[in-house]
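Undergrad: Take a look at the following structure, please.
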Amino acid sequence: MRVVLGFVIFLLIPLVGFSDAKNNQSDFNYEAWETTVSRAEAVLLAGRASEKSLEILRDEIGDWRSNFKSLISINSDRISLVQSQLNALPAPPDDGVEDPLKGRRNELKTLLNDLKMPGLRANDAFIQADTLISEIDLLLRARQTDALLTSDESPLRPSIWAQSIAQLSRAFFAPFTELRSTEISDAQKITLKKQAVSIFALLLGTVISWMAGIKITNSIETFKHTMVQKRLNALKLPVSILELLFKFLSVLLLVRALHLSGLIGLKGSLFLDQLPYFSALFLFAMWLPKHLFSGEVGFLSSLNLNSKLTTNSNFGAAALVLILFDLASTGLAQSSIDGDANAFATLIITLMASFILWRIYKSITGLETLFSENQNVNGQFSSTFSSRLTYLINRFLLIALLLAPVLVAVGYVNAGRELTQSVILSLGLISTVIIIQDYVIGLYLMVLGEENDNKDKLIPILISFVLILVSLPFFAVIWGVRQQELFEIWSSFQSGFELGTIKLSPGLILGFLVIFTLGYMLTRLVQSALQTTVLPRTSMDSGAQTAIISGVGYVGIFLAAIVAFSTTGLDLSSLAIVAGALSVGIGFGLQNIVSNFVSGIILLIERPVSVGDWIEVSGKMGYVRDISVRSTRIETFDRSDVIIPNADLVSGVVTNYTRGNTVGRVIIPVGVAYGTDTKIVESILKEIAEAHPKILKDPGPSIVFQGFGSDSLDFEIRAILADVNWMLSIKSEINHQIAERFAKEGIEIPFAQREIWIKNPDSIIKT
């Protein structure tokens, strides 16, 4: 099993070109193809070929199929030309009438058939090759299924234990036994002397490379005092990967030095050939928890992880299990061990894996507990995707760690081994995706200068979605899907699909997403520059600045969408039909939305209302906090938000108390009892108003005797305030002063009075 190498191969498959298509039909050897078909049919009929042979045969047929696919469209330009010439000829005359263009017509038809023939033949061969590939895939899939479902005798039989242990011990220690028992020959001594300098250089490079990896990681700590924390976090992952590469390089140098020495025997060489793979697996397993449980990763960043969760022993032990499985399936197979010994070894390794998976299960259970204990740290974790995913992974992990040993114990050795390996590799892949996701999103937010609270916005979510999609083929390979099958799916998907008159392909869709994302990010960068650097240095008010920033955002997103659409080959003129159809719906069902949208644009351009203004509209009074293209948000004095459609602000009556300046008038009504000297009341009120520091002296306050009310003599204080926002507090202060002065002067503030007249009081008394 080489899943890691399989990942690399799968990534390289789209980049590997197939053999060039033949542009000339005569250069293509169909006789060789017929020979290949006969050989493939014989192999499939016999059904005895090895899996490796079938894979080689499949790759060969795949190359043929690729060539045939290219030849299907051969002569397409000339076919179109000849067909156009044929269609341009007038219709043949009726029977009995001589056709002067008959010769030309027959000549063009013959030429057209000759031009079509290579493509038709290639299409027939393409279908034949595709059918053979499907039959090979079916055979390989059936063999894979049979291997998993094959049941052998149980390794729990005590009779095989002693013999199995002895065989396994000899197999595992065979390289060391070979090394101890081998005497150095004269030829080996001569070779060792010749390669001494190279071996020494390789060993020195091994030490230097390993120390360099450690030094690179430690150097990050020296930049903590000189770099911003965000920039430091952006460097941690690349530097740690560089450390990993340096350590892996040291292993490669060591392996090369041992091979050059000539002292390693045959069995030791076989182990050395696998050592780079084993070391890469182990180093990566030790690298994962350092970043996964660092307290900086995504949904784990707000949790206080304890030492049990941050330990890397579980990951290292899991990597060791994979190494042992690989040794049991490859190294031991080359030794003199029987099937019982192999099954016994698989059982022991599976039990080890189950114990390690149980420890990981308990750690994930600890994460669930931390989620529930930290619900108020950064939102309600219990309802998030992360917590639900954690729950599902943990439950599946529990089932797997219990089921795998049972399968091996009852004789399904291959099924138990593959289940254990798949679970461990899936956990590693999930951890890798989480780390990459957090790093990419953090890098995106750092570039835009946004806070971590914006991780729930659209672009970070799209980044997470793309990473999940990219990881799906890796999960498929881990769980037994062959790479060739994935490539078949990718080839079918890569051919694209038609949407009306437009043919979409993954390349076009990816181009659209990339260009639109770049345009969106550029727009956000321009908005950020305007908001933080350019506009604050101008004399524009906050409302005008908001209007400009919003306008730049809409224009930028619109242009990004137009450019992105053009990359897909979409004829924008064809959108006129769609726009005409939509206009009907807009005219009826969306007229309110359109009205609010147009009103929002008018507000942003004319700015009769700006952010921060104190307005009153539709009976609602408060401060304008935000103006969008559809609605305006007003914060009332009781701190509640009221959403007002923009159409009401444009077509309705709006009172703006602070438009242009904050100067405004306050009117304070005052009532006194009948019989009070009105001149004294007027002088008192005027004295109080003039003495208030926030009432303007020019023009000064005025006292108005309004008239004779039903219960009181009505007065009003009318004064101009320097800041109308203080109207309520000033009114309250003046009322306190009026009550205090009226009480001191003996002026009565009357209650409401009513006189009741009873008709026919005599009748009431009689009753």
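Values quoted throughout were computed directly from the atomic coordinates according to the rules given, and no laboratory measurement underlies them. The shown structure was predicted, so the numbers you read here are calculated from the model rather than taken from an experiment. Positions of Cβ are backbone-derived with ideal geometry, glycine not excepted, and every protein chain shown enters the neighbour counts.
Undergrad: What is the sum of charges around Leu407, taking Lys and Arg as +1, Asp and Glu as -1, for the other residues whose C-beta is under 10 Å from the C-beta of Leu407?
TA: After counting each charged neighbour, the total is 0.
Undergrad: Further question on the same structure: Specify the inter-centroid distance of the range 85-131 and the range 50-83, based on alpha-carbon positions, in whole Å.
TA: Each part reduced to its Cα centre gives a spacing of 24 Å.
Undergrad: While we're here: Under 18 Å from the 7 Å Cα→Cβ point of Ser38, by amide nitrogen: which residues of the range 54-95?
TA: 61
Undergrad: Arrange Tyr554, Tyr391, Tyr439 by Cβ neighbour counts within 10 Å, fewest through most, would you?
TA: Sorted ascending by nearby Cβ count, the order is Tyr554, Tyr391, Tyr439.
Undergrad: Give the calculated FRET efficiency between Lys362 and Phe271 to the nearest 0.05, with a Förster radius of 41 Å applied to their Cβ-Cβ distance.
TA: 0.75
Undergrad: Right, here's the next one. Phe705 to Arg48: extension gain in nm, 0.36 nm per residue of separation minus the Cα-Cα distance?
TA: Answer, rounded to one decimal: 225.0 nm.
Undergrad: For the range 664-745, I need the span (max minus min coordinate) of the C-alpha atoms along each principal axis, in Å, sorted largest to smallest.
TA: Cα spread of the range 664-745 along its principal axes, largest to smallest: 36, 24, 20 Å.
Undergrad: For the cross-link pairs Lys194/Lys215; Lys620/Lys679; Lys193/Lys247; Lys194/Lys236; Lys620/Lys731, which exceed 31 Å when the distance is taken from alpha carbon to alpha carbon?
TA: Too far apart for the 31 Å limit: Lys194/Lys215; Lys620/Lys679; Lys194/Lys236.
Undergrad: Still on this structure, I have one more. Please work out the Cα center distance from the range 242-281 to the range 675-701, rounded to the nearest Å.
TA: 98 Å
Undergrad: Could you work out the mean projected area of the convex hull around the alpha carbons of the range 621-725, in square nanometres to one decimal?
TA: Directional mean of the projected Cα hull area for the range 621-725 stands at 9.4 nm².
Undergrad: Using a 10 Å cut-off around each Cβ, can you sort Asp626, Asp146 from fewest to most neighbouring Cβ atoms?
TA: Result, fewest neighbours first: Asp146, Asp626.
Undergrad: Between Lys744 and Phe355, 0.36 nm times their residue separation minus their Cα-Cα distance comes to what?
TA: 131.1 nm
Undergrad: Taking 7 Å along the Cα-to-C-beta vector as the label spot, tell me the Asp338-Val663 distance in nanometres, rounded to one decimal.
TA: That separation, rounded to one decimal, is 11.0 nm.
Undergrad: Go through the range 241-249 residue by residue and turn each phi into a ³J(HN,Hα) via Karplus (6.51, -1.76, 1.60, θ = phi - 60°); whole Hz please, and just put x for glycine and proline.
TA: Result, ordered by residue: 5, 4, 4, 4, 5, 5, 5, 5, 4 Hz.
Undergrad: At 7 Å along the Cα-to-beta-carbon direction for both Ala142 and Val534, put a label point, then send me their distance in nm to one decimal.
TA: Roughly 6.9 nm, to one decimal.
Undergrad: Along the charge dipole of the range 664-745, Cβ charges K/R +1 and D/E -1, which of Ser712, Leu728, Gly675 sits furthest on the positive end?
TA: Result: Leu728.
Undergrad: Among Phe487, Phe705, which comes first, second and so on when ranked by fewest other beta-carbon atoms within 10 Å?
TA: Phe705, Phe487
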